[in-house]
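Enquirer: Here it is, the structure, as structure tokens.
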Amino acid sequence: MQSRGRIRSWLGALAVLGSIAHGAAAAEISGAGATFPYPVYAKWAEAYKAKTGVSMNYQSIGSGGGIKQINAKTVDFGASDMPLKPEDLDKSGLIQWPMIMGGVVPVVNLQGIAPGELQLDGPTLADIYLGKLAKWNDPAIAKLNPGVKLPNLAIAPIYRSDGSGTTFIYTNYLAKVSPEWKDKVGNDTSVEWPVGIGGKGNEGVAALSSRTAGAIGYVEYAYALQNKLIYAKLKNREGSIVAPDSKAFQAAAANADWAKAPGFYLLLTDQPGKDSWPITGASFILMHKKQEKPEAAKQVLDFFAWAFQNGNKMAEALDYVPLPENVVKLVEASWSANIKNPDNKPIWTAR
Amino acid sequence: MTLYARRRAINLAYLALSWAATGVGLAVLFLILWTLLRNGIPALSPELFTTVTPPPGSRGGLANAIYGSVVMTAVATLVGTPIGILTGTYLAEYGRESWLAPVVRFVNDILLSAPSIIIGLFVYELMVVRMGHFSAWAGSVALAIIVIPVVVRTTENMMLLVPASLREAAIALGAPRWKVVVDVIYRAALQGMLTGVMLAIARIAGETAPLLFTALNNQFWSTDMNAPMANLPYVIFQFALSPYADWQVLAWGGAMVITFTILALNILARILTSGSDRNP
Amino acid sequence: MDGALTLRTGRRLGRQRLQDAAFRATTRLFAAGVLVLLGGIIVALAVEAVPAFSTYGWGFLVSDAWNPVKKNFGALPAIYGTLVTSAIAMVIGIPLAFGIAVFLTELCPPPLRRPIGVLIELLAAVPSIIYGIWGLFVLAPFLQLTVQPLLVSTLGELPVIGALFAGPPLGLGVLTAGIILGFMVLPFIASVMRDIFLTVPPMLRESAYGVGATTAEVVRHVVLPFTRVGVVGAIMLGLGRALGETMAVTFVIGNTHRIKPSLLAPGTTISATLANEFTEAVGDLYTSSLFALGFILFAITFIVLAAAKLMLIRLQQRAAT
């Protein structure tokens, strides 16, 4: 009968389901968080699995998500583009360390201007995004670009509509170079922008910029490079004009004083050094100090140690910037000092 | 103008607008399909279905994401459809008997418009936090919660529209009420209920937000329902918005797979049930 | 009848009554279960939203601030964007869906009915993120170059409604988001309407044709009154999709927490705000404000639904007299 046949097919479906549910469970460690380093973590995970068979599953649900999940202990480690302050770390019992670096690059859409031809500096960028500079041929911009013909065109600032580490780094820089920005807008993964329109993701910002004459936006370095966007050079703290490339990012990191930063809380924007790119940033990993699952924690640390040692070339191929060697040593020392198993013994020992 | 001429003119206007509306609908469809095909065909290859999602720069496919989406969509449909049909049945058959029906109907309609991310968060609190990890079960539950209101609404609608004469004839023949519903009403309303189920499947096949905090995603091949599982919409979301050309091609390929699989499913379902809706 | 037959009939009737009672109890159980589940979601949302409401009070609804740094949040731009984009989506979607449903049931040659119906349903199968990407890369530039300048120069010059079409043509904005939403809800409303129109007994329609009615008159005076409740249900389905759609809207709406009278200006909706900011929101007040936005969306749906039901009751009363 009709109904009996239907019941039989539901039961059959449930039986199939049951067999699916008993699928193979792989040796897996998991992490979640920042979107910025996702491609390079995925690359490392693939190579690591080929080498050791351990699946390291990282998903980019956003820095806020990463912090939430590591606090809820639903993942083995969290990742955040925005470092947590030492007080917050202590409150949650977490340790953080920088893993990989990159930069944020201003991109423009001006006819006749080639990539790298336009030169700006921090205060001017802040004024543009505050809405104080209305046209491209404003004297403030012309002063930085002698010999370049700037059109009489309205400036259209573009920003990231979704909360992101890129916005955090960018607004951090603007807050450092412009007291008015710091006062009016501030520094966070998501802010109240005085002017402009918001695009979703790097893709959205790039799309909006390329279609709006006179637009200026900011994207991750990898993005600007892969899509051959028209980037602008910046005048850094020392007064020299630098182009965004991995040398400039590493200069910013090398000149930073990590040893004096408790909890590695250090923002790489506006760093000293004549080659330093002013809008550099690092992405951080978060783990609990007291580990209830020491085997999983050891696997996580083994993975990151392997990445520090073998992952640099892969990172650079994807336009990311590896940490300098001295910082790596500091990080690994902090693992031994802080991450303990239930018997209060360190899980990680340096080779 | 004579009355006749005016009626004819109005009729002509109506008909023209109907044709135009269909034309617009089909034009939009073809525009979108054209974009899908143009960008997605380069991704079509056996590799798409046999290798797992790669990091940028490596060769790969969408096998784990396709598997995950198929499994989670299937579980969600198998769980959500019976619940939705039975609830819709209660609303249609016993709706006038108590206060329960109007309240369920109202709440159901409110949930129809729930942003899917909220449903995902609810299941996160309910299952993921309690279980201590992400899982494909949680993802399936979140999708099932999206299926239920759609199926309830369409089931109730279609059952109420079955002509009273059919119902009365069955009762006159001495059939018990449950048999009237199961053998007569369901069969009469089948095409409409099927539309509801198909619309629900089409909706959950393309949803990212509810899976974000439940099934998460998985870079590797996994058939474990108790662990994070890859799914197509999230992979498409991630890859399409990345700067890497090989990832973008895969994203479009994935979008094509979703769209045409639903199309095939729809056609199959219509063919399988086409005999049962002949009007007397 | 002999005694054995009466006994058998009696037993069968008793068994059937038991089956009926079991059937009713089962469906009732599931309905109650669904209520608990769905109600639970609303309650959970309300609980999470309490910190935001207790901090800002009713001012939350009318404030247009959105400052994550200074922790000052207001819901008005999101509410405004949600209402406007959904209204545009309904204005575009309902007539188109209605036209398609009429076409499929009255005008289309029978062999083409199933194929075209399947094609329309295919619009529902396109993932919402593809709608967003298509909107961003195909529709928005098109609107920016053709339709929007036209609107600005013609309707934008008129006295009162001119303010609705002011501003530089960006391609993105509230209008574009409304159009995309309209296309997304179109298959839902059209397919369900078509199924509903098909339930009209052929005898009714044929009698109307027999009396000399035109197709338009048959639809208006026979089909629509018969299917009124179902049509409203189909529209509710579409409205639900329009109010809750996240991905497609965030790509094309411009994401600004500001209210501008012009439809060509960027804005935001509740769902788009949630999709954009939830994953990165750190801090209890921020996440609570986002949950509060979600709760407000439920409240908006509640109000719209109640209004629709009242309208339906009034229509039925008028038809009965």
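Enquirer: Where a ≥ b ≥ c are the square roots of the eigenvalues of the C-alpha gyration tensor, would you call region C:1-135 rounded, which needs a/c under 1.5, or, failing that, prolate if a/b is larger than b/c, or oblate? Can you show the working numbers first?
Expert: Working: a/c = 3.97, a/b = 1.47, b/c = 2.71.
Oblate shape, in that a/c is at least 1.5 and b/c is the bigger or equal ratio.
Enquirer: For A:160-170, what's the mean count of beta carbons from other chains sitting within 10 Å of each residue's beta carbon?
Expert: Going residue by residue through A:160-170 and averaging, the value is 4.
Enquirer: Would you mind counting up the charge near A:N312? Only other residues with Cβ under 14 Å from its Cβ, with Lys and Arg at +1 and Asp and Glu at -1.
Expert: -1
Enquirer: What is the gain in length, in nm to one decimal, between B:L37 and B:A164 on full extension, counting 0.36 nm per residue of separation less the C-alpha to C-alpha distance?
Expert: 41.1 nm
Enquirer: When you count, for each residue, the other Cβ atoms within 10 Å and take the mean per peptide, how do C:201-210, B:221-230, C:169-178 rank with the highest first?
Expert: Top to bottom by mean Cβ count within 10 Å: C:169-178, B:221-230, C:201-210.
Enquirer: Can you order the peptides B:209-216, B:58-65 by their average number of other Cβ atoms within 10 Å per residue, highest first?
Expert: The peptides rank, most packed first, as B:209-216, B:58-65.
Enquirer: Between region C:196-264 and region C:53-122, how far is it from one alpha carbon centroid to the other, in angstrom?
Expert: What the calculation gives is 13 Å, centre to centre.
Enquirer: At 222 nm, what value in deg cm²/dmol follows for chain A if DSSP H runs of at least 4 each add -39500 (n - 2.57) and the sum is divided by all its residues, to the nearest 500?
Expert: About -12500 deg cm²/dmol.
Enquirer: Straight-line reach from A:K143: which lysines fall under 26 Å, measuring Cα to Cα and dropping same-chain residues less than 8 apart?
Expert: A:K132, A:K135, A:K176, A:K182, A:K184, A:K233, A:K235, A:K274
Enquirer: Per residue, what volume in Å³ does the convex hull of the Cα atoms of the protein assembly as shown enclose?
Expert: Each residue corresponds to 190 Å³ of Cα convex hull volume.
Enquirer: Related question: Say each of A:D90 and C:L312 gets a label point 7 Å from the Cα, pointing the same way as Cα to Cβ; how far apart are those two points in nm?
Expert: It is 6.0 nm.
Enquirer: Using a cut-off of 11 Å between beta-carbons, work out the net charge of the residues near A:T166 (Lys and Arg +1, Asp and Glu -1, A:T166 not included).
Expert: Result for the neighbourhood of A:T166: -3.
Enquirer: As a test of the definition: which semi-axes, in Å, follow for region A:44-93 when you take the square root of five times each eigenvalue of its alpha carbon gyration tensor? Largest first, please.
Expert: 25, 11, 10
Enquirer: Report, in whole Å, the centroid distance computed from the Cα atoms of region B:1-47 and region B:143-189.
Expert: Each part's Cα centre sits 33 Å from the other's.
Enquirer: In addition: State, in angstrom, two size descriptors of chain B derived from its alpha carbons: Rg to one decimal place and Dmax to the nearest whole number.
Expert: Cα-based Rg and Dmax for chain B come out at 22.7, 76 Å.
Enquirer: When the convex hull of the C-alpha atoms of region C:178-321 is computed, what volume per residue in Å³ does it have?
Expert: Value for region C:178-321: 143 Å³ per residue.
Enquirer: When all C-alpha to C-alpha distances in region A:132-188 are sorted into bins of 5 Å, what percent of pairs does each bin hold, rounded to whole numbers?
Expert: For region A:132-188, the binned pair fractions read 4, 17, 18, 18, 19, 16, 7, 1 percent.
Enquirer: As I understand it, the dipole of chain B uses +1 on the Cβ of Lys and Arg and -1 on the Cβ of Asp and Glu, about the Cα centre. Which of B:Y14, B:A76, B:L263 lies farthest toward its positive end?
Expert: B:Y14
Enquirer: Using a 10 angstrom cutoff on alpha carbons, build the Gaussian network for chain A and name the most mobile of A:V185, A:V219, A:V104.
Expert: A:V185
Enquirer: Tell me the mean residue ellipticity at 222 nm calculated for chain C from its helices only (DSSP H runs of n ≥ 4, each -39500 (n - 2.57), averaged over every residue, nearest 500).
Expert: Values: 13 runs with 221 residues, N = 321.
About -23000 deg cm²/dmol.
Enquirer: Can I ask one more? Taking 7 Å along the Cα-to-C-beta vector as the label spot, tell me the C:F142-A:T349 distance in nanometres, rounded to one decimal.
Expert: With each label placed 7 Å out from Cα toward Cβ, I get 6.7 nm.
Enquirer: Once you've got the GNM for chain A with C-alpha springs shorter than 10 Å, pick whichever of A:Q96, A:Q226, A:Q291 has the biggest mean-square fluctuation.
Expert: A:Q226
Enquirer: Mind grabbing the base-10 log of I(q)/I(0) for region C:115-209 at q = 0.17 Å⁻¹? Debye formula, identical points on the C-alpha positions, no solvent, two decimal places.
Expert: Treating every Cα as an identical point scatterer, log10 I(q)/I(0) equals -0.82.
Enquirer: Sticking with this one: Once a ≥ b ≥ c are taken as the square roots of the eigenvalues of the Cα gyration tensor of region B:1-152, is the result rounded (a/c under 1.5), prolate (a/b larger than b/c) or oblate (a/b not larger than b/c)?
Expert: Since a/c reaches 1.5 but b/c is at least a/b, the shape of region B:1-152 is classed as oblate.
Enquirer: Taking beta carbons within 10 Å but only from partner chains, what does the mean come to for residues B:245-256?
Expert: Averaged over the peptide's residues, the number is 2.
Enquirer: Within chain C, which DSSP H helices have Cα atoms that stretch 27 Å or more along the helix axis and a mean Kyte-Doolittle hydropathy of at least 1.0? Write down the numbers at each step before the final one.
Expert: Values: long enough: C:3-56 (77 Å, 0.66); C:76-102 (38 Å, 1.94); C:174-198 (35 Å, 1.99); C:284-320 (54 Å, 1.36).
Answer set is C:76-102, C:174-198, C:284-320.
Enquirer: I'd like the orientation of helix B:63-93 relative to chain B: the angle between its Cα long axis and the longest Cα principal axis, in ° from 0 to 90, rounded to 10.
Expert: Once rounded, the angle reads 20 degrees.
Enquirer: Can you list the residues of region C:273-302 that have at least 40 square angstrom less accessible area with all protein chains present than in their chain by itself, probe 1.4 Å?
Expert: C:L274, C:N276, C:F278, C:T279, C:E280, C:V282, C:F298, C:F302
Enquirer: In 5 Å bins starting at 0, how do the alpha-carbon pair distances of region C:166-260 split up by percent?
Expert: 2, 12, 17, 15, 12, 11, 9, 8, 7, 4, 2, 0
Enquirer: For chain C, rounded, prolate or oblate, judged on the Cα gyration tensor with a ≥ b ≥ c (square roots of eigenvalues), a/c < 1.5 rounded, else prolate if a/b > b/c?
Expert: Because a/c hits 1.5 or more and a/b fails to exceed b/c, chain C counts as oblate.
Enquirer: Leaving out ligands, DNA and RNA, and with a 1.4 Å probe, what % of the accessible surface on the protein assembly as shown is carbon or sulfur?
Expert: Details: 23600 of 36680 Å².
Summing carbon and sulfur atoms, their accessible area is 64 percent of the total for the protein assembly as shown.
Enquirer: Using just the alpha carbons, could you tell me how many Å³ per residue the convex hull of region B:153-241 encloses?
Expert: Spread over its residues, the Cα hull of region B:153-241 gives 136 Å³ apiece.
Enquirer: Can you order the peptides C:303-315, A:278-290 by their average number of other Cβ atoms within 10 Å per residue, highest first?
Expert: Values: C:303-315: 13.2, A:278-290: 24.2.
Output ranking for C:303-315, A:278-290: A:278-290, C:303-315.
Enquirer: If I take the Cα coordinates of region A:52-156 and project them onto the principal axes, what are the three extents in Å, biggest first?
Expert: 55, 36, 19
Enquirer: For chain B, what is the calculated [θ] at 222 nm in deg cm²/dmol (nearest 500), taking -39500 (n - 2.57) for each run of four or more DSSP H residues and dividing by its residue count? Could you put the intermediate results ahead of the total?
Expert: Details: 11 runs with 191 residues, N = 280.
Result for chain B: -23000 deg cm²/dmol, rounded to the nearest 500.
Enquirer: Here's a follow-up. State the answer as a single residue: which of B:V107, B:L272, B:A27 lies farthest towards the positive end of the charge dipole of chain B, with beta carbon charges of +1 for Lys and Arg and -1 for Asp and Glu, about the Cα centre.
Expert: Value: B:A27.
Enquirer: Need one value for C:211-222: mean number of C-beta atoms belonging to other chains within 10 Å of its residues' C-beta atoms.
Expert: Average neighbour count from other chains, rounded to a whole number: 3.
The values are calculated or read from the model by the stated rules, or taken from the named source; none is laboratory data. Predicted model only: the values in this text are computed from it and were never measured. For neighbour counting, all protein chains shown are included, and Cβ atoms are generated from backbone atoms with ideal geometry for every residue, glycine included. Note: areas computed on protein heavy atoms with side chains; ligands, DNA, RNA excluded. Shrake-Rupley method; radii C 1.70, N 1.55, O 1.52, S 1.80 Å.
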